[in-house]
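Single-structure report; data block below.
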Amino acid sequence: MDNIEQYIEALIFASEQSIRTEEILYCLQSAFNQDFSEDEINRCIQNITDKYNDKQFAIEIVKISNGYQFLTKKDYHQVISLLQAQRSKKKLSQAALETLAIIAYKQPVTKPDIEQIRGVNCDYSIQKLLEKELIAIVGKSEALGKPILYGTSSLFMDYFGINSISELPQMKDFTDNTVSIGEQSE
């Protein structure tokens, strides 16, 4: 078999965790009904490792937990950590999503109004949404105490892939009128 290295490379690439030599051996033997030796697999892995040690590649094969995995080379860790930090900022908790939905649909809205709808304190969620720049302070209410008014930011639009608030799903999109109790009037 001429291209066994490519199959091994594909297996290592496709594996979410490190893949052991025994797993590679099992996959190849099952797929091709052919016996392969562990030494043959190890030689191929060494050839692939040597290939990716070249400076033209930003990734390399690393032996971890008695298996092999593709990882970025250390030279690129600073850039990768920035990407990871940016992506982690985009994750929202259920509480933050609920708070954000209220702000998006009711804006401009005050914190007491949000808390009345949710039934719980929203300080933490509002603070996190402000840090992630998904909401912004848009003014002060004329109500007693002049509470801060919150609205969505332009980053909110980018985050959800919409051009305006009018593109948000409407309540009618969530209701199912096909089920009713009693007789329907015509």
### Message
Against the conditions (1) without any contact (Cβ under 8 Å) to a residue 60 or more places away in the chain; (2) open to solvent by 60 Å² or more (accessible area, probe 1.4 Å), where does LEU92 fall short? Just the number, please.
### Response
(2)
### Query
Restricting the first residue to the range 120-138 and requiring it to be in a helix (DSSP H, G or I), which pairs with a second residue that is not hydroxyl-bearing (Ser, Thr, Tyr) meet a Cβ separation below 7 Å and a spacing of at least six or different chains?
SER125/ALA95; SER125/ALA96; ILE126/LYS111; LYS128/ALA96; LEU129/ALA96; LEU129/LEU100; LEU129/ILE135
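For the range 53-74, does any single residue satisfy the condition of being out of contact with any Gly (no Cβ under 8 Å at 6 or more places or on another chain), assigned to a helix (DSSP H, G or I) and open to solvent by 60 Å² or more (accessible area, probe 1.4 Å)?
If we filter the range 53-74 for residues that are out of contact with any Gly (no Cβ under 8 Å at 6 or more places or on another chain), which is where we start, we get 53-74.
When the remaining residues are screened for being assigned to a helix (DSSP H, G or I), the result is 74.
This time we only want the ones that are open to solvent by 60 Å² or more (accessible area, probe 1.4 Å), so: 74.
The answer is yes, given that some residue of the range 53-74 is out of contact with any Gly (no Cβ under 8 Å at 6 or more places or on another chain), assigned to a helix (DSSP H, G or I) and open to solvent by 60 Å² or more (accessible area, probe 1.4 Å).
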### Task
Using the structure shown, decide if GLU23 is open to solvent by 40 Å² or more (accessible area, probe 1.4 Å), among the acidic types (Asp, Glu) and assigned to a helix (DSSP H, G or I).
yes
### Message
Please pick out the residue among GLN116, GLN86 that is over 30 Å from ALA14 (Cβ atoms) and out of contact with any helix residue (DSSP H, G or I) (no Cβ under 9 Å at 6 or more places or on another chain).
### Response
GLN116
### Query
Since THR99 meets every condition but one in (1) under 21 Å from the mean Cα position of the chain (by Cα); (2) open to solvent by 90 Å² or more (accessible area, probe 1.4 Å), which condition does it not meet?
(2)
### Task
Among the candidates ILE126, ILE165, ILE137, single out the residue that is touching a strand residue (DSSP E or B) at 6+ places or on another chain (Cβ under 8 Å) and either open to solvent by less than 50 Å² (accessible area, probe 1.4 Å) or of a type in the set (Gly, Ala, Ser) (or both).
ILE126
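Pick from TYR150, TYR159: which is at pLDDT below 90, outside any loop (DSSP other than H, G, I, E, B) and surrounded by 10 or more Cβ atoms within 10 Å (Cβ to Cβ)?
Numbers: TYR150 fails: at pLDDT below 90.
Just one listed residue meets the conditions, TYR159.
Could you list, in sequence order, all residues of the range 136-149 that are of a type outside the set (Val, Ile, Thr) and over 26 Å from the mean Cα position of the chain (by Cα)?
Of the range 136-149, the ones of a type outside the set (Val, Ile, Thr) are 136, 139-147, 149.
Selection gives GLY139, LYS140, SER141, GLU142, ALA143, LEU144, GLY145, LYS146, PRO147, LEU149.
The values are calculated or read from the model by the stated rules, or taken from the named source; none is laboratory data. Please read these numbers as outputs of a predicted model, since none were measured by experiment. All Cβ positions, glycine included, derive from the backbone under ideal geometry; neighbour counts span all protein chains shown. Heads up: the accessible areas ignore ligands, DNA and RNA and are worked out on the full protein's heavy atoms, side chains in. Shrake-Rupley method; radii C 1.70, N 1.55, O 1.52, S 1.80 Å.
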